[in-house]
1. Within the range 123-139, track down each residue that is without any contact (Cβ under 8 Å) to a residue 60 or more places away in the chain, surrounded by 17 or more Cβ atoms within 10 Å (Cβ to Cβ) and closer than 22 Å to Trp19 by Cα.
2. Kindly indicate whether any position in the range 93-116 is more than 26 Å from Leu137 (Cβ to Cβ), in a strand (DSSP E or B), among the hydroxyl-bearing types (Ser, Thr, Tyr) and open to solvent by 50 Å² or more (accessible area, probe 1.4 Å).
3. Give the residues of the range 112-161 that are among the basic types (Lys, Arg) and within 18 Å of the chain's Cα centre (by Cα), sorted by residue number.
4. Go through Gly223, Gly212 for me and flag whichever is within 23 Å of Pro55 (Cβ to Cβ) and out of contact with any helix residue (DSSP H, G or I) (no Cβ under 9 Å at 6 or more places or on another chain).
5. Quick one: Glu6 ticks every box in (1) among the acidic types (Asp, Glu); (2) at pLDDT 95 or above; (3) surrounded by fewer than 19 Cβ atoms within 10 Å (Cβ to Cβ) except a single one, so which number is it?
6. Does the range 29-45 hold any residues that are surrounded by 14 or more Cβ atoms within 10 Å (Cβ to Cβ), in contact with a Gly (Cβ under 8 Å, 6 or more places away or on another chain) and not small (Gly, Ala, Ser), and which are they?
7. Go through (1) more than 15 Å from the chain's Cα centre (by Cα); (2) modelled with pLDDT under 95; (3) open to solvent by 20 Å² or more (accessible area, probe 1.4 Å) and name the single condition Gly224 misses.
8. Determine which member of the set Phe198, Phe158 is on the phi < 0 side of the Ramachandran plot and open to solvent by 20 Å² or more (accessible area, probe 1.4 Å).
Amino acid sequence: MALRFETRPSDSPWVDSVWTCTSEHVTEMTSVATPCWGLVFWQREGAAYVSVTGPETRTGTAPVPEGATFVGIQFAVGTSLRAVPTPELLDRGLELPDVTHRSFQWDGLRWETPGPDDAEALVERLVRAGAIVRDPLVAEVLRGGRPDVSGRTVERRFRAATGFTQGAVRQIERVRTAAALLAADTTAAEVVAKLDYFDEPHLARALRRYVGRTARQLREGGGGAIALDLDQPTTS
């Protein structure tokens with residue numbers, strides 16, 4: 001069984017990545033913690049669907065519609081839907097009504113359903129219409145900037161924009177990087193040194209909490225389907 005992901009980075013400041021996926025003989029997957037929210041467009045048995053996915057604070061198990069094809073947009077940390085603050089989407093999502101193969105309705109308007117190559121064009125239209133907004137301070141801090149505001153203000157803005165503290169965002173991003181490195185055959189000891197974990201048990205606890213896999217499972221592709229593009233098929 002497999003979920004076959006392909007993910008590409010985006011040059012849009014509003015978008016973290018764009019991904020496609022097909023599900024083959026899979027009914028559930030391991031979800032992985034993420035500080036990003038997203039839009040997911042999928043089709044199965046002739047029907048079309050659109051979902052808003054929220055940031056996830058921990059790993060878990062999620063159902064997968066078998067035989068479906070997906071296109072997903074993961075938005076940059078600090079962006080938000082005008083109609084639904086990102087903290088309200090934490091560990092949950094929304095399925096949008098009134099969806100066709102060509103369009104969907106959101107924020108009082110109809111929008112053309114994108115393919116993987118024109119996802120950014122949709123995002124630009126949503127931004128111009130004011131349906132998506134962002135806090136520039138969050139983006140500045142994540143780039144390493146030091147805005148002229150207090151630490152308390154930074155944390156308040158992070159929580160308002162993302163539902164997370166700044167430290168939690170960095171912690172989740174780090175463990176997702178660790179998972180990708182381990183899947184690419186980097187040893188646990190090398191990951192500990194590269195990403196500044198205290199030791200291998202510290203890395204193992206982070207993987208268990210946020211990814212739902214051991215280092216060995218990530219290297220060998222074991223543990224079943226997982227919501228990560230690890231550039232390898234997953235096996236049970």
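1. Of everything in the range 123-139, those that are without any contact (Cβ under 8 Å) to a residue 60 or more places away in the chain, surrounded by 17 or more Cβ atoms within 10 Å (Cβ to Cβ) and closer than 22 Å to Trp19 by Cα turn out to be Leu126, Ala131.
2. no
3. Matches in the range 112-161: Arg134, Arg159.
4. Only one candidate passes the filter, namely Gly212.
5. The one condition Glu6 does not meet is (2).
6. Of everything in the range 29-45, those that are surrounded by 14 or more Cβ atoms within 10 Å (Cβ to Cβ), in contact with a Gly (Cβ under 8 Å, 6 or more places away or on another chain) and not small (Gly, Ala, Ser) turn out to be Met29, Thr30, Val32, Trp37, Leu39, Val40, Phe41, Arg44.
7. Condition (3) is where Gly224 drops out.
8. Matching residue, one of Phe198, Phe158: Phe198.
The values are calculated or read from the model by the stated rules, or taken from the named source; none is laboratory data. Because the structure is predicted, anything quoted here is derived from the model rather than measured. Cβ coordinates were reconstructed from backbone atoms using ideal geometry, including for glycine residues, and neighbour counts include every protein chain displayed. These accessible areas exclude ligands, DNA and RNA; they are computed on the full protein's heavy atoms, side chains included. Shrake-Rupley method; radii C 1.70, N 1.55, O 1.52, S 1.80 Å.
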